[in-house]
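Structure first, commentary second.
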Amino acid sequence: MIELKNIRRKFKDFELSDISLNISKGEYHVLVGPSGAGKTLLLNLIAGFVKPDSGRIILNNSDITDLLPQNRNVSYLFQDLALFPHLSVEENVAFSLKIKKMKKQDVSAQVKKYLEFTDVLHLKDRSISKLSGGEKQRVALARNLITESGILMLDEPFSAIDTQLKLSLKKLLKKISDYGVTIIHVTHNPEEAISLAHKITVVENGKIISSGTYKEVFSKPLNMFIAGFSGYKNFFKVNSVFREGDSLFVDVVIENSTDNSVRFEIPNKPDTDLNSIIIDSSNIVLSDNKLISSARNSYEGIVESVFRIDSAYDVEMNIGIPVWVKLTESSFNELGIEKGKRMWISFKASAVSVF
Amino acid sequence: MKFEAKYIFLYLFAALALLFIVVPVINMFFATDLDIFFQTARDSEVKKSIFLTLWVSLAATILCAAFAVPLAYVIAKKSFRFKTLLLGIINIPIVIPHSAAGIAVLGLVSRDTVIGKMAGSVGLSFIDSPLGIGVAMAYVSLPFLIISAINGFSEVPEKLENAAQNLGASRWQTFFKISLPLAKQSVFSGLILMFSRGISEFGAVIMLAYFPTITPILIYDRFTSFGLTYARPVAVIFVLICLTVFLFFYLLTNKKRRD
């Protein structure tokens, strides 16, 4: 349905490079990444508000790269919705049909159909300024859906509404997706869209880091951003690898930093490309003194911070790099953990997953 | 507003500024001889002059709007080199003396210039004609319209224009259905400002057309020929008309804002 081929766009202080992406008809595709990653820029490229320096955009087998925005027929729900403040709800929704000079009674019928679909028919005659955030969102969706373009791009649709409304919007998006509309949903928080997504693409620093199904993307995290959403806090980049007898060691650093590397022993495996490691925080033992045990990794550090999460505790230990340890409430109380205390962490080589 | 003693000097200065504006006008009203006032109001020369002033300024404003509004849109929406310089150029008629502005326009449209000759060949003249009056009025008052419209268009979010295009609107449709309706308040204020500035113009118009006589020139003419007593009633009538027009437009704009 929509294909991005080697898109490149350079700005003064940002570059979108080598973006290639295939989105099939009827797919719910979530573009996820931290703020400033270039996600919205991708939508603007598809919509035609920004021209790529190179690369092509193909929609339904035709090249739309050089088409004007009004000729692309790609529906775009802007983050701030961009409802026209001088027009009523009905006039907003009817806008695209009136532009096409559609007959008056046909326009009314279509407007009614889509306002009903998004559950806001009763607001037909309201002025935009009299709508709540959730109502605005539904009116904007109706205005987009009425174009029947078959493709809907959403820029952070959950950002402007409160938690209660999120669920009902989610249901509505699911309904739209079930009707076969191809959806490209941009968000910095994948949790809100993961239940809807057929496919996920992770964008960071203007590049596609990973793309595929939820399982494909999140079971093997390629960076801290993805690891964070998979619930992994101890994600480290491998700087160097070396063997000593039967043991395999890595020097690791936290992502985007080169100082403070720490050496870990990891499971001995045949030579492969080692890019990053994850240590499950529940497999790390925290103790007052160095343990004599089978754990191959023992490090002394300082308690940096403590967070209570439900009935457990996340303790951040600084051993040169920050390592998170998950503790039960009783262990936490028994150890008398407090900020600044010197303690030891230990974990087996097998607690380390390598990628 | 609560009166606060510590602001007494502030209020005093503010009151002085206000009095400076209001007192001469009120004094002019009270100093006018009623008999001469009514006599002047019936004077056909005065009536003709007021009518001429109003319609020429209105025509100049409407004609100029056709060019000024698109120019304001381009300046507000596009970024290009020398934009600041262009804004400075637009302000030239405001910052130069109006008689000098009149001389400048005259140099361009007098009968022996290319434009003057071209106009002459189709039976038009800029000198001593409503056309010349309109050109002089427009030259000095156009910046008010352009600047007000630029401010209006700048405040229309680009997102709304993008949304319109995304919904299939061409650039023209976007301009007429989104940008212009959203900026109409400022454009309308600009039109009122230009019109008001046009009807009060003296310096530039007198260089191009002493006749037919617009009211500001008629007031001057009555003053130099017959003195203050006979000039004042014309001034009072004209001020009343200006204030009525201004009040009418002001209420109209505010009604639009409330709607």
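Of note:
- Cross-chain or 6+ apart pairs with Cβ under 8 Å, segment B:87-110 first and touching a residue at least 40 places away in the same chain (Cβ under 8 Å), then of a type in the set (D, E, K, R): B:His98/B:Glu201
- Set B:Arg197, B:Arg232: member being closer than 15 Å to B:Thr40 by Cβ, assigned to a helix (DSSP H, G or I) and either among the charged types (D, E, K, R) or within 14 Å of chain A (Cβ to nearest Cβ) (or both): B:Arg232
- When each of A:Ser298, A:Ser294, A:Ser257, A:Ser346 is tested for being in a loop (DSSP other than H, G, I, E, B) and open to solvent by less than 50 Å² (accessible area, probe 1.4 Å), the lone residue that passes is A:Ser257.
- Residue in segment A:117-125 that is more than 11 Å from chain B (Cβ to nearest Cβ), crowded, with 16+ Cβ neighbours inside 10 Å and basic (Lys, Arg) present: yes
- Checking each residue of segment A:136-152 against the condition of being without any contact (Cβ under 8 Å) to a residue 60 or more places away in the chain and within 25 Å of A:Gly38 (Cα to Cα) gives at least one match.
- The residues on offer are B:Lys83, B:Lys78, and the sole one that is at pLDDT below 95, over 15 Å from B:Tyr139 (Cβ atoms) and either open to solvent by 100 Å² or more (accessible area, probe 1.4 Å) or of a type in the set (Ser, Thr, Tyr) (or both) is B:Lys78.
- Meets criteria (out of contact with any Pro (no Cβ under 7 Å at 6 or more places or on another chain), of a type in the set (D, E, K, R) and away from chain A (no Cβ under 14 Å)) for B:Arg222: yes
- Residue within segment B:158-176 that is in a helix (DSSP H, G or I), in contact (Cβ under 8 Å) with a residue 12 or more places away in the chain and away from every other protein chain (no Cβ under 14 Å) present: no
- Meets criteria (crowded, with 23+ Cβ neighbours inside 10 Å, more than 16 Å from A:Lys100 (Cα to Cα), more than 9 Å from the chain's Cα centre (by Cα) and modelled with pLDDT of 95 or more) for B:Ala183: yes
- B:Thr213 fulfils the conditions (1) buried (at least 21 other Cβ atoms within 10 Å of the Cβ); (2) assigned to a helix (DSSP H, G or I) except for a single criterion, (2).
- Taken over segment A:74-94, the criterion of being in contact (Cβ under 8 Å) with a residue 24 or more places away in the chain and open to solvent by 10 Å² or more (accessible area, probe 1.4 Å) is satisfied by A:Gln79, A:Asp80, A:Leu81, A:Leu83, A:Pro85, A:Leu87, A:Ser88, A:Glu90.
- Number of the condition not met by A:Asp273 [criteria: (1) more than 22 Å from A:Ile254 (Cβ to Cβ); (2) of a type in the set (D, E, K, R); (3) free of Cβ contacts under 8 Å to residues at least 12 places away in the same chain]: (1)
- Of everything in segment B:219-240 that is touching a residue at least 40 places away in the same chain (Cβ under 8 Å) and farther than 20 Å from B:Val22 by Cβ, the residue that is least open to solvent (accessible area, probe 1.4 Å) is B:Val234.
- The single condition among (1) in a strand (DSSP E or B); (2) in contact with a Phe, Trp or Tyr (Cβ under 7 Å, 6 or more places away or on another chain) that A:Lys166 does not satisfy is (1).
Residue-wise test of (1) buried (at least 16 other Cβ atoms within 10 Å of the Cβ); (2) closer than 20 Å to A:Leu16 by Cβ; (3) assigned by TED's automatic domain parsing to the domain that holds A:Leu141.
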| site | (1), (2), (3) |
| --- | --- |
| A:Pro157 | yes, no, yes |
| A:Leu172 | yes, no, yes |
| A:Val186 | yes, yes, yes |
| A:Val217 | yes, yes, yes |
| A:Ser240 | no, no, no |
| A:Val262 | yes, no, no |
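- Residue check for A:Ile58: away from chain B (no Cβ under 14 Å), hydrophobic (A, V, I, L, M, F, W, C) and buried (at least 16 other Cβ atoms within 10 Å of the Cβ): no
- Residue in segment B:104-120 that is modelled with pLDDT under 95 and of a type in the set (Ser, Thr, Tyr) present: yes
- A:Glu135 within 29 Å of the chain's Cα centre (by Cα), more than 14 Å from chain B (Cβ to nearest Cβ) and open to solvent by 10 Å² or more (accessible area, probe 1.4 Å): yes
- Unmet criterion (only one of (1) at pLDDT below 95; (2) open to solvent by less than 50 Å² (accessible area, probe 1.4 Å)) for B:Asn166: (1)
- Those residues of segment A:174-184 which are assigned to a helix (DSSP H, G or I) and surrounded by fewer than 19 Cβ atoms within 10 Å (Cβ to Cβ), in sequence order: A:Lys174, A:Lys175, A:Asp178
- Checked against (1) modelled with pLDDT of 85 or more; (2) assigned to a loop (DSSP other than H, G, I, E, B); (3) open to solvent by 50 Å² or more (accessible area, probe 1.4 Å), A:Gly320 passes all but a single condition, namely (3).
- Test: A:Asn239 is closer than 30 Å to A:Val315 by Cβ, among the polar types (S, T, N, Q) and not in a strand (DSSP E or B): no
- Boolean, A:Phe84 is facing chain B (nearest Cβ under 10 Å), farther than 30 Å from A:Glu191 by Cβ and hydrophobic (A, V, I, L, M, F, W, C): yes
- Residues that are small (Gly, Ala, Ser) number at least 2 in the following helices (runs of 4 or more DSSP H) confined to segment B:1-93: B:8-30, B:44-77.
- Options B:Asp43, B:Asp33: the member that is open to solvent by less than 50 Å² (accessible area, probe 1.4 Å), acidic (Asp, Glu) and on the phi < 0 side of the Ramachandran plot: B:Asp43
- Within this structure, A:Ile64 fails the test of being over 27 Å from A:Glu15 (Cβ atoms) and either open to solvent by less than 20 Å² (accessible area, probe 1.4 Å) or within 14 Å of chain B (Cβ to nearest Cβ) (or both).
- Any chance A:Leu42 is under 24 Å from the mean Cα position of the chain (by Cα), surrounded by 19 or more Cβ atoms within 10 Å (Cβ to Cβ) and within 14 Å of another protein chain (Cβ to nearest Cβ): no
The values are calculated or read from the model by the stated rules, or taken from the named source; none is laboratory data. Everything numeric here is computed off the predicted structure, so don't read it as measured data. Neighbour counts are summed over all protein chains in view; Cβ atoms, including those assigned to glycine, are modelled from backbone coordinates with ideal geometry. Ligands, DNA and RNA are excluded from the accessible area calculation, which covers all protein heavy atoms including side chains. Shrake-Rupley method; radii C 1.70, N 1.55, O 1.52, S 1.80 Å.
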